[in-house]
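The values are calculated or read from the model by the stated rules, or taken from the named source; none is laboratory data. Because the structure is predicted, anything quoted here is derived from the model rather than measured. Heads up, the Cβs are rebuilt from the backbone with ideal geometry, glycines too, and the neighbour counts pull from every protein chain shown. For the accessible areas, the whole protein counts, side chains as well, though only heavy atoms, and no ligand, DNA or RNA atoms are used. Shrake-Rupley method; radii C 1.70, N 1.55, O 1.52, S 1.80 Å.
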Amino acid sequence: MSLLRVAGRPMLASMFIAGGLDSLSNPKDVAPVAEPVVQPITERVEILPDRTEQAVRLNGAVQVAAGVLLGIGRMPRIAALAIAATLVPTTLAGHRFWEEDDPEQRTQQRIHFLKNLSMLGGLLIAADDTGASPSLAWRGRHAAKDLRRDAHLVSRSVRATAGPAARAGGVRARLPR
């Protein structure tokens, strides 16, 4: 594994572990801000908790668990996707710069929104990173190519031996028993 992956994954994960722990321990601080985003989502996705505080805790738990997995390099692609899925509602709830009236607050919220957007890009790159190993799609394509080649070779071999085998069978049939 490259040094960049070894160092970069924990750095990327650190923000989500810290933020997730804060959401787990203090959901009441985040719930009022999250309410406008959480309610429409929980109405459409029945498996999610109805109460905003519980949804905030769930979001935090996913961030902590996936952040730890990403940081230690276990299932990093799945962990990065899980964090990315939690980052979208977090960003939409916490950094609604377009609703701010105060120009200074609007600027600060826009900066945080763009920071989260940048982290989302990093997570998507991490989710696509195969760690220098071929991806499942690549392995599947090459396995299919190898199977086609083997089938072609078998077909050629059968054609090449079918004629002589048939002739030998004909000769054998004419031999006395």
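Cβ-Cβ distance below 6 Å, separation of 6 or more or different chains: which pairs start in the range 117-132 with a residue that is under 16 Å from Gly67 (Cα atoms) and end on one that is modelled with pLDDT under 95 and among the charged types (D, E, K, R)?
Taking only residues 6 or more apart or on different chains, the pairs are Ala127/Arg77.
Restricting attention to the range 111-164, which residues are among the polar types (S, T, N, Q), more than 30 Å from His95 (Cα to Cα) and open to solvent by 70 Å² or more (accessible area, probe 1.4 Å)?
Thr161
Can we say Val68 is open to solvent by 60 Å² or more (accessible area, probe 1.4 Å) and under 21 Å from Ser25 (Cα atoms)?
Criteria met by Val68.
Test of understanding: among Glu43, Glu53, which residue is surrounded by 15 or more Cβ atoms within 10 Å (Cβ to Cβ) and over 26 Å from Asp129 (Cα atoms)?
Criteria check complete, one pass: Glu53.
Test Val38 against the criterion of being of a type outside the set (Asp, Glu) and more than 20 Å from the chain's Cα centre (by Cα), and give yes or no.
Yes, satisfied.
With respect to Ala80, is the statement that it is under 22 Å from His112 (Cβ atoms), open to solvent by less than 40 Å² (accessible area, probe 1.4 Å) and either of a type in the set (Asp, Glu) or at pLDDT 90 or above (or both) true?
yes
Go over the candidates Ala173, Ala132, Ala165 one by one and state the one that is at pLDDT below 90 and assigned to a loop (DSSP other than H, G, I, E, B).
Step by step, each of Ala173, Ala132, Ala165 is checked, and only Ala132 is at pLDDT below 90 and assigned to a loop (DSSP other than H, G, I, E, B).
Go through the range 93-110 residue by residue and tally those that are open to solvent by 70 Å² or more (accessible area, probe 1.4 Å) and either touching a residue at least 12 places away in the same chain (Cβ under 8 Å) or in contact with a strand residue (DSSP E or B) (Cβ under 7 Å, 6 or more places away or on another chain) (or both).
Count: 1.
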